[in-house]
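Q: Handing you a structure now.
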Amino acid sequence: MKIYSVKEFGTVADGITLCSEAVQKTVDYCHANGGGIVRFEGGRYVLSTVFLKSNVTIEIPEGTELLGAESYYDYAQEEKIDYPIYQDSSHTYFHPSMFVGIGCENIKITGGGKIDMRSVWDEDGVRGEAIKHRGAKCIALKECKNIEISNLAIVSVTDLAVYFAGCENVDIYNLKLKVYIDGISPDNSKNVRIHDCDVETGDDGIVFKSSYTLNRLDICKDIHVWDCKIKSRCNALKFGTETNGGFENILIENIEIKDTRITGISIESVDGAIVDGVKIRNVKMQNVNAPIFVHVGKRMRGPAGRTIGKIKNITLENITASGPYEEYEIMPWNYFSYKANDTRQNPKVFGIAESFDGTKETDNWQMTSNICGLKESPLENITLRNVHLKLEGGVKTYNRNVPEEAQDYPEVYVYGRVLPAKGSYFRHIDGLTFENVTVETYREDSREGFVFDDVRRNA
């Protein structure tokens, strides 16, 4: 492949001069001449927005650093959307990013170097209250095919770090992320492989979406994630909350999760999505508040008339989890915690647990895993096999009556912060396979290990 050096088009690798225009000229010229490699050759380059083109590889060699422009106003303005918007702004707009691809094919961003977005926040709130104070994405791709993103360190991103919607045939590997919002986010994408990544985030780690950003219902399908390490202030592995279309045929295996503030594995359908065929196996968790959350809800953010979603054919096997008992460093997750240098987390004082009757449980506490459908949409064919939980415990009093309908934001504490099970609470399941599942606690706990409400167990 022919190589085009960005220096030949006028870039200055001094860490000061904004080079986006020169880099864009390089990309355009490479594309117009049949494609090839656009190479950054050593030094520190300051970029705002660069629009990718088909058949162009962006090469950032080891020892080279791309720096995000320090003003949000330097990035491309948000594109005009002429159809209804049902998802939040981060999943709607692609242009305010360092690298943007729309309808491209055969693109790569690779090389062994580093991208530092330098914590550029929308300090003036120009994006509106719904997404106030988020900044620019690093990589945002829409309806692209044949993509490789590999061998890079990406840090200090203040919106979704690697986000791709409606894309096909995507390979993401050997990324080291330390970012403020979501890490790697496939949205309605197909044939996706994510592996050998080290992800640390202020929001969710590797998070699967199914939004209306393409102005149509679609699904995430045929995805394989393996050999990744995740540390998250929120949820390490998550389906949602954007859950309009669906998820199908997803395998996640050989994952290490540490120092995660809310949930290790979170599978949700709250906007009508069908989640069918998810297998998660060989997962080790340490310092995780709640290991597992599976939830059908009725937020129904989308066009009127949608039916409630469904979660079925889920297998969780060979999973070990130890609860939080040590303080650890954690990424800030928004503008305000960043400014406050909020980087420490004591999981024992995550918050004050509130029971169902409104009383406070002030003892140290651990959020209980819960796997719950709805009466009108029970979970179907759920398998837990070889799951071993070692949790904080220490609960002395609790209320047995769990609210039927959860109206709050869908997180593991949506039914209350002290559930009647110390291991996991199960409700509204048509077909539960429960094999070799155990729980123990570091401190004495008065609750049952597992509680089953309206659950049909498989023989």
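The values are calculated or read from the model by the stated rules, or taken from the named source; none is laboratory data. As the structure is a computational prediction, the values presented were derived from the model and not from experiment. Backbone-built Cβ (ideal geometry, glycine too); neighbour counts: all protein chains shown.
Q: Given the options F164, F99, name the one that is closer than 25 Å to H195 by Cβ, touching a Pro at 6+ places or on another chain (Cβ under 8 Å) and outside the structural domain of F336 (by TED's automatic domain parsing).
A: Exactly one residue qualifies, and that residue is F164.
Q: How many of the residues making up region 16-50 are out of contact with any Phe, Trp or Tyr (no Cβ under 8 Å at 6 or more places or on another chain) and not in a helix (DSSP H, G or I)?
A: Residues meeting the conditions: 14.
Q: Evaluate region 353-372: report whether one residue or more is in contact with a helix residue (DSSP H, G or I) (Cβ under 6 Å, 6 or more places away or on another chain) and modelled with pLDDT under 95.
A: The answer is yes, given that some residue of region 353-372 is in contact with a helix residue (DSSP H, G or I) (Cβ under 6 Å, 6 or more places away or on another chain) and modelled with pLDDT under 95.
Q: Which is touching a strand residue (DSSP E or B) at 6+ places or on another chain (Cβ under 7 Å), surrounded by 15 or more Cβ atoms within 10 Å (Cβ to Cβ) and touching a residue at least 60 places away in the same chain (Cβ under 8 Å), of V439, V418, V451?
A: After ruling out the rest, the residue left standing is V418.
Q: Determine which member of the set I274, I262, I280, I255 is in contact with a Cys (Cβ under 6 Å, 6 or more places away or on another chain) and without any contact (Cβ under 8 Å) to a residue 60 or more places away in the chain.
A: Being in contact with a Cys (Cβ under 6 Å, 6 or more places away or on another chain) and without any contact (Cβ under 8 Å) to a residue 60 or more places away in the chain holds for just one of I274, I262, I280, I255, which is I255.
Q: Which residues, taken from region 172-205, are buried (at least 23 other Cβ atoms within 10 Å of the Cβ) and either of a type in the set (D, E) or in a loop (DSSP other than H, G, I, E, B) (or both)?
A: Within region 172-205, Y180, I181, D182, G183, D187, N188, S189, C197, G202, D203, D204, G205 qualify.
Conditions tested, residue by residue: (1) part of a loop (DSSP other than H, G, I, E, B); (2) in contact (Cβ under 8 Å) with a residue 24 or more places away in the chain; (3) assigned by TED's automatic domain parsing to the domain that holds N282; (4) more than 22 Å from D445 (Cα to Cα).
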position: N381; (1), (2), (3), (4): no, yes, yes, yes
position: L389; (1), (2), (3), (4): no, yes, yes, no
position: E392; (1), (2), (3), (4): no, yes, yes, no
position: Y398; (1), (2), (3), (4): yes, yes, yes, no
position: V402; (1), (2), (3), (4): yes, yes, yes, no
position: Y409; (1), (2), (3), (4): yes, yes, yes, yes
position: V412; (1), (2), (3), (4): yes, yes, yes, no
position: K422; (1), (2), (3), (4): no, yes, yes, no
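Q: I've got another one for you. Look through region 334-349, keep the residues that are in a loop (DSSP other than H, G, I, E, B) and within 20 Å of the chain's Cα centre (by Cα), and return whichever of them is surrounded by the most Cβ atoms within 10 Å (Cβ to Cβ).
A: Only one residue fits best here, namely N334.
Q: Related question: Looking only at residues that are among the small types (G, A, S) and buried (at least 18 other Cβ atoms within 10 Å of the Cβ) in region 9-34, which one is nearest to the chain's Cα centre (by Cα)?
A: Looking at the filtered set, the residue picked out is S20.
Q: May I ask you to list the residues in region 147-176 that are in contact with a helix residue (DSSP H, G or I) (Cβ under 8 Å, 6 or more places away or on another chain) and either more than 25 Å from S71 (Cα to Cα) or of a type outside the set (D, E, K, R) (or both)?
A: Within region 147-176, T158, L160, Y163, A165 meet the criteria.
Rundown of residues vs (1) in contact (Cβ under 8 Å) with a residue 12 or more places away in the chain; (2) among the aliphatic types (A, V, I, L, M), yes/no style:
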| site | (1), (2) |
| --- | --- |
| D82 | no, no |
| D88 | yes, no |
| G101 | yes, no |
| G111 | yes, no |
| I149 | yes, yes |
| S156 | yes, no |
| I172 | yes, yes |
| I184 | yes, yes |
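Q: Then there's this: Looking only at region 44-73, filter to residues that are modelled with pLDDT under 95 and not polar (S, T, N, Q); which one of those is farthest from N174 (Cα to Cα)?
A: Going through the qualifying residues, I end up with Y73.
Q: Can you confirm whether region 75-83 contains a residue that is part of a strand (DSSP E or B) and either surrounded by fewer than 19 Cβ atoms within 10 Å (Cβ to Cβ) or touching a strand residue (DSSP E or B) at 6+ places or on another chain (Cβ under 6 Å) (or both)?
A: Looking for residues that are part of a strand (DSSP E or B) and either surrounded by fewer than 19 Cβ atoms within 10 Å (Cβ to Cβ) or touching a strand residue (DSSP E or B) at 6+ places or on another chain (Cβ under 6 Å) (or both), one finds none in region 75-83, hence no.
Q: While we're on this one: Scanning for something closer than 14 Å to T201 by Cβ, of a type in the set (A, V, I, L, M) and without any contact (Cβ under 8 Å) to a residue 60 or more places away in the chain, does region 226-234 turn up at least one residue?
A: yes
Q: Checking the condition of a type in the set (D, E, K, R), in the same structural domain as V120 (by TED's automatic domain parsing), at negative phi and in contact with a Lys or Arg (Cβ under 7 Å, 6 or more places away or on another chain), which residue from E8, E21, E79, E41 passes?
A: After applying the criteria, what remains is E41.
Q: Next question. Given the structure, is A153 buried (at least 20 other Cβ atoms within 10 Å of the Cβ) and either within 19 Å of the chain's Cα centre (by Cα) or more than 23 Å from R39 (Cβ to Cβ) (or both)?
A: no
Q: For the condition of a type outside the set (G, A, S), surrounded by fewer than 24 Cβ atoms within 10 Å (Cβ to Cβ) and more than 30 Å from K298 (Cα to Cα), what is the one hit in N169, N215?
A: After ruling out the rest, the residue left standing is N169.
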